[in-house]
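The values are calculated or read from the model by the stated rules, or taken from the named source; none is laboratory data. It should be emphasised that the depicted structure is a prediction, and the values quoted were computed from it without experimental measurement. Every residue, glycine as well, gets a Cβ built from its backbone with ideal geometry; the counts of neighbours run over all protein chains shown. Remember, those area values only see protein heavy atoms, side chains included, never the ligands or the DNA or RNA. Shrake-Rupley method; radii C 1.70, N 1.55, O 1.52, S 1.80 Å.
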Amino acid sequence: SLEAPLLKGSALTEAPGVPVRGMAVNLVTGGLGAGILTLPWGMAGASVLTALLLTVLVVVLNGFTIMILVRAAEEHQRFDLGALLALLPGRWLGPVTQGFCNGLVWVVIWMALVGYIIVVQDCMTPLM
């Protein structure tokens, strides 16, 4: 059957628990992405206190937003943003926002990958 584990008695069949703190840290750092690599340059013109306050504000806001999405995903058992948006009320609102969101996910991932390439290239130029 499709529900049976492939390797019985192995460590893969046991579902390890993930602590809430570990999950939150992974989600927040994943949400920050390449932006964390450019943080020193972005905060260079600000004072230390302003840079620290902005960083804390962004991390708290990011964590709060991600935890809202995690709770909604658990409640509705839909584990991608497009599927959650499909639950919006109305005849066309859910499907349209789902398609729009899925399209934007592709665009944002593409731009993030281009951003990573640019950041890595800029960091590697002095070494070449």
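Worth a mention:
- The HN-Hα couplings worked out from phi for region 41-48 by the Karplus form 6.51 cos²θ - 1.76 cosθ + 1.60 (θ = phi - 60°) are 5, x, 9, 4, x, 8, 6, 4 Hz, whole numbers, x standing for Gly and Pro.
- Scoring 43-49, 59-65, 80-86, 96-102 by mean Cβ neighbours within 10 Å over their residues and listing the highest first yields 80-86, 96-102, 59-65, 43-49.
- Both numbers refer to the Cα atoms of region 40-83; Rg and Dmax are 15.6, 44 Å.
- Across region 61-128, Cα-Cα pairs farther apart than 18 Å form 58% of the total.
- Heavy-atom accessible area ranking, 1.4 Å probe, most first, across Arg78, Arg91, Arg71, Arg21: Arg91, Arg21, Arg71, Arg78
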